[in-house]
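Presented below is the structure to which this report refers.
The values are calculated or read from the model by the stated rules, or taken from the named source; none is laboratory data. Note that the coordinates shown come from a computational prediction; the quantities given were computed from them, not determined experimentally. Heads up, the Cβs are rebuilt from the backbone with ideal geometry, glycines too, and the neighbour counts pull from every protein chain shown.
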Amino acid sequence: MSADPKDTHAIYERQAVEYVKGRSKALFEARWLARFTASLKPGDHVLDLGCGAGDPIARWFMAEGFTVTGVDFSAAMLSIARDRWPDGDWRQADMRSLDLDQQFDGIIGWNSFFHLTADEQTDCIARMARHLKPGGALMLTVGHGAGEVTGTVGGELVYHASLSPAGYAKCLEENGLRLTGFMAQDPETQSHTVLMARKD
């Protein structure tokens with residue numbers, strides 16, 4: 001059975017509480033977060049794109065002294081983030097139409113970007129490039145090969161898609177970004193596939 005990408009928003013609205021309960025807080029992402037921030041300094045502004053409820057990714061950045069803007073399309077997820085960090089910069093927006101009229105030192109899309117269709121991903125990369133300062137860092141979790149797969153959120157089927165590694169490299173280059181790292185199904189991050197890039 002396949003999932004419909006048009007259902008993703010409604011699924012996260014319905015399953016926000018269950019998703020937060022099940023989301024690992026063990027920070028298995030820490031090694032990649034450290035690589036991502038190696039070129040940044042405390043106080044630099046990071047956009048957490050698809051931030052969800054803010055834990056553990058945005059929480060890690062805040063604890064490390066970075067300025068964080070969290071963007072998500074789910075009001076239910078953002079409500080949890082605002083309850084936890086009422087002084088945080090939490091904004092409801094869809095990454096497919098991202099237009100914040102500002103630039104960031106780094107953008108991360110961990111467990112969010114891959115919910116877009118392949119065409120939406122290429123458009124979103126262009127949008128992210130416009131939101132990055134020169135020299136800015138980008139990190140995304142993607143699929144290890146081109147295609148569509150199905151995952152689950154709170155027991156409901158949810159859509160995932162990916163370009164090929166070469167497809168990502170080409171799209172990044174077309175938008176002034178340079179691929180700086182790609183690891184497929186990293187065993188140290190629960191088999192996530194991680195892409196890193198930098199704006200020239």
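For (1) acidic (Asp, Glu); (2) part of a strand (DSSP E or B), each residue gets a yes or a no:
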| residue | (1), (2) |
| --- | --- |
| Asp119 | yes, no |
| Gly145 | no, no |
| Thr150 | no, yes |
| Val158 | no, yes |
| Tyr168 | no, no |
| Met183 | no, yes |
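Evaluating Ala137 against the criteria (1) within 20 Å of Phe61 (Cα to Cα); (2) assigned to a helix (DSSP H, G or I) leaves one unmet condition, (2).
Of everything listed in (1) under 20 Å from Val194 (Cβ atoms); (2) more than 14 Å from the chain's Cα centre (by Cα); (3) not hydroxyl-bearing (Ser, Thr, Tyr), the single unmet condition for Ile108 is (2). The residue that is farthest from Cys51 (Cα to Cα), counting only those in the stretch 1-22 that are of a type in the set (Gly, Ala, Ser) and in contact with a strand residue (DSSP E or B) (Cβ under 8 Å, 6 or more places away or on another chain), is Ser2.
Restricting attention to the stretch 185-194, the residues that are in a helix (DSSP H, G or I) and either of a type in the set (Val, Ile, Thr) or under 17 Å from the mean Cα position of the chain (by Cα) (or both) total 1. Counting the residues of the stretch 149-171 that are of a type in the set (Phe, Trp, Tyr) and either touching a His at 6+ places or on another chain (Cβ under 8 Å) or surrounded by fewer than 21 Cβ atoms within 10 Å (Cβ to Cβ) (or both) gives 1.
Residue-wise test of (1) at pLDDT 95 or above; (2) under 27 Å from Glu173 (Cα atoms); (3) touching a His at 6+ places or on another chain (Cβ under 7 Å).
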position: Cys51; (1), (2), (3): yes, yes, no
position: Thr67; (1), (2), (3): yes, no, yes
position: Ala76; (1), (2), (3): yes, no, no
position: Arg82; (1), (2), (3): yes, no, no
position: Pro86; (1), (2), (3): yes, no, no
position: Trp90; (1), (2), (3): yes, no, no
position: Leu98; (1), (2), (3): yes, yes, yes
position: Asn111; (1), (2), (3): yes, yes, no
position: Leu116; (1), (2), (3): yes, yes, no
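Based on what the data block shows, is Ala146 surrounded by 14 or more Cβ atoms within 10 Å (Cβ to Cβ) and closer than 22 Å to Leu27 by Cβ? Here the answer is no, as Ala146 does not meet what is asked.
Would you confirm whether any residue within the stretch 163-184 is within 17 Å of the chain's Cα centre (by Cα) and free of Cβ contacts under 8 Å to residues at least 12 places away in the same chain? Yes. All of (1) assigned to a loop (DSSP other than H, G, I, E, B); (2) more than 15 Å from the chain's Cα centre (by Cα); (3) closer than 17 Å to His115 by Cβ; (4) not acidic (Asp, Glu) hold for Lys6 with one exception: (1).
Of the residues making up the stretch 176-189, not a single one is surrounded by 18 or more Cβ atoms within 10 Å (Cβ to Cβ) and within 20 Å of Asp94 (Cβ to Cβ). Of all residues in the stretch 94-139, those that are among the charged types (D, E, K, R) and on the phi > 0 side of the Ramachandran plot total 1. Within the stretch 1-57, the set of residues being more than 21 Å from Gln185 (Cα to Cα), among the acidic types (Asp, Glu) and surrounded by 13 or more Cβ atoms within 10 Å (Cβ to Cβ) comprises Asp7, Glu13, Glu18, Asp44, Asp48, Asp55. Taking the condition in contact (Cβ under 8 Å) with a residue 24 or more places away in the chain and not in a strand (DSSP E or B), does Ala197 pass? No; evaluated as a whole, the condition is false for this residue.
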